[in-house]
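In what follows, a single structure is set out as structure tokens and then discussed.
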Amino acid sequence: MVTIDHDAVLRARVLLLGSGRPSLAELVGAYRVLAEVSPKAYAPKLVDALLALRYESRDPKVHVSLAAEASRAARRLEAGAPNRAERLRRALDAHQDSLFALGRRAEGRAVCQELAEAGLREPLASALAEEGRFREAAELDEESARNGIPEHAFWSMVRWAANLEGAGLHDAAADVFSELLETTRREAADEHKALAILTWELVHFSRMREAVGDESRAAAARREALGVLEVLASTGEPKNWSCILGWWRTLFVLSGRSAEPAASPDSPMPPFGTEFGWSRHVRDGFLGMLAGLEAEAERLREAERLPELVDVQRRIGVRTAVRYGDRPYLFEERFAPYFDEGVTLARRLPGDPVRLARALTDRSMFLVAARSFEPAHADFAEAVALLHGH
């Protein structure tokens with residue numbers, strides 16, 4: 001039996017009815033008291049206030065505490081309460097995010113499991129992918145992709161294909177990505193999708209098939225991408241698009257997964273294939289490798305070990321894309337040096353057309369993102385010639 005502190009209830013009501021403007025912390029205190037006596041009216045407000053209060057603190061432990069309390073309050077909401085499901089998902093999502101930020105993976109994964117049962121599967125899929133449990137992640141991705149919003153197809157299908165690929169199911173991954181490509185082709189033809197996005201998808205598909213020795217389909221995708229680039233170089237995009245850098249960044253970062261350490265529960269890696277849902281401690285760890293990679297690049301440069309240097313520079317470029325790749329301001333100025341150096345170094349590798357073609361392709365796709373279509377076409381045409389003559 002709950003003992004009600006009537007004085008505390010009175011103070012809470014006076015606070016809410018007063019002429020002043022209570023702080024968020026004061027509101028949380030009042031709602032805590034009133035939720036005990038009038039849960040239908042005040043428990044939803046308590047959930048919202050707790051989640052809002054998280055943004056006033058920079059202490060990760062405070063974030064966990066507030067999100068955990070919000071989750072408990074959301075679970076206690078009546079089954080028919082307005083927006084109960086949405087509040088529960090928001091609270092659980094904040095809770096798992098704050099747990100992962102502290103590296104408390106087992107607890108975070110448990111909350112993600114509850115979140116998936118509440119209808120939001122993406123956080124659990126991301127957590128599993130971070131630990132190298134790609135097949136399980138792909139099963140969740142399939143359900144999300146099939147039941148998702150058509151406008152979000154790129155994000156759901158790329159993530160699904162990436163996790164299938166991570167699980168070694170390369171043909172299944174190709175089938176999923178081919179389905180995405182068909183949709184993008186139709187939308188691009190109807191001017192509902194940028195030709196740049198179609199180009200990036202075609203190039204990524206060519207890399208997927210090249211990785212498993214399916215050169216015929218890889219070559220066909222490259223030729224189709226070259227044709228799209230010819231159109232872009234001669235006439236540009238048929239219409240103006242808002243910022244689409246996230247599409248480029250997602251696929252470029254995904255293309256670098258094979259060069260990174262394998263993901264495992266003890267050594268998690270980013271969930272390549274998605275821009276969203278990266279655990280903060282995993283993202284910080286991935287970007288934290290930059291200093292070591294830059295030092296390694298300097299050693300390789302001094303030792304004139306160019307093949308390894310080209311590869312390390314690409315890993316540095318991928319991390320730069322993670323950090324800044326969706327920011328239009330100074331986009332070309334920030335990234336051009338990385339891709340120019342990659343091509344310059346690769347040209348100094350006689351007898352290594354594969355690395356040069358990769359560097360040219362990387363720069364071409366970056367130039368598409370920068371809307372410099374003529375040099376993008378020139379780079380990719382050279383890359384295709386190298387690969388098809390190799």
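The values are calculated or read from the model by the stated rules, or taken from the named source; none is laboratory data. Because the structure is predicted, anything quoted here is derived from the model rather than measured. Using ideal geometry, Cβ is built from the backbone for each residue, glycine included, and neighbour counts are taken over all protein chains shown.
Some values worked out for this structure:
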read-out	value
Inter-residue pairs, beta-carbon under 6 Å, first assigned by TED's automatic domain parsing to the domain that holds Arg371 and surrounded by 19 or more Cβ atoms within 10 Å (Cβ to Cβ) and in the range 187-209, second β-branched (Val, Ile, Thr) and not in a helix (DSSP H, G or I), 6+ apart	Ala194/Ile244
Count - residues of the range 176-198 that are among the polar types (S, T, N, Q) and touching an Asp or Glu at 6+ places or on another chain (Cβ under 9 Å)	1
Counted residues, the range 135-159 - those being touching a residue at least 60 places away in the same chain (Cβ under 8 Å) and hydrophobic (A, V, I, L, M, F, W, C)	4
Subset of the range 161-172 that is closer than 16 Å to Glu130 by Cβ and touching a residue at least 40 places away in the same chain (Cβ under 8 Å) - its residue that is surrounded by the fewest Cβ atoms within 10 Å (Cβ to Cβ)	Gly166
Pairs where the first residue, in the range 94-117, is under 18 Å from Arg84 (Cα atoms) and surrounded by fewer than 20 Cβ atoms within 10 Å (Cβ to Cβ) and the second is at pLDDT 95 or above and among the aromatic types (Phe, Trp, Tyr), C-beta under 8 Å, 6+ apart	none
Which listed residue, of Lys40, Lys61, is basic (Lys, Arg) and either within 15 Å of Arg75 (Cα to Cα) or crowded, with 19+ Cβ neighbours inside 10 Å (or both)	Lys40
Boolean, Phe339 is among the aromatic types (Phe, Trp, Tyr), in contact (Cβ under 8 Å) with a residue 24 or more places away in the chain and farther than 21 Å from Glu298 by Cα	no
The range 335-353, subset of a type outside the set (Gly, Ala, Ser) and loosely packed, with under 15 Cβ neighbours inside 10 Å, residue nearest to Leu290 (Cα to Cα)	Pro337
Conditions (1) among the aromatic types (Phe, Trp, Tyr); (2) more than 23 Å from Ser126 (Cα to Cα); (3) at pLDDT 95 or above; number of the one not met by Trp241	(3)
Scan of the range 231-279 for residues that are among the hydroxyl-bearing types (Ser, Thr, Tyr), over 21 Å from Ala188 (Cβ atoms) and surrounded by fewer than 21 Cβ atoms within 10 Å (Cβ to Cβ), ordered by number	Ser258, Ser264, Ser267
Residue ranges of helices (runs of 4 or more DSSP H) in the range 194-296 with at least 1 members more than 27 Å from Glu151 (Cα to Cα)	195-211, 215-235, 280-288
Count of the range 126-141 residues which are crowded, with 19+ Cβ neighbours inside 10 Å and either assigned to a helix (DSSP H, G or I) or β-branched (Val, Ile, Thr) (or both)	10
Qualifying residue in the range 354-368 (condition: part of a loop (DSSP other than H, G, I, E, B) and assigned by TED's automatic domain parsing to the domain that holds Val203)	no
The range 233-255 residues that are of a type in the set (S, T, N, Q), paired with ones that are part of a helix (DSSP H, G or I) and modelled with pLDDT of 95 or more (beta carbon under 7 Å, 6 or more apart)	Thr250/Val158; Ser255/His204; Ser255/Arg207
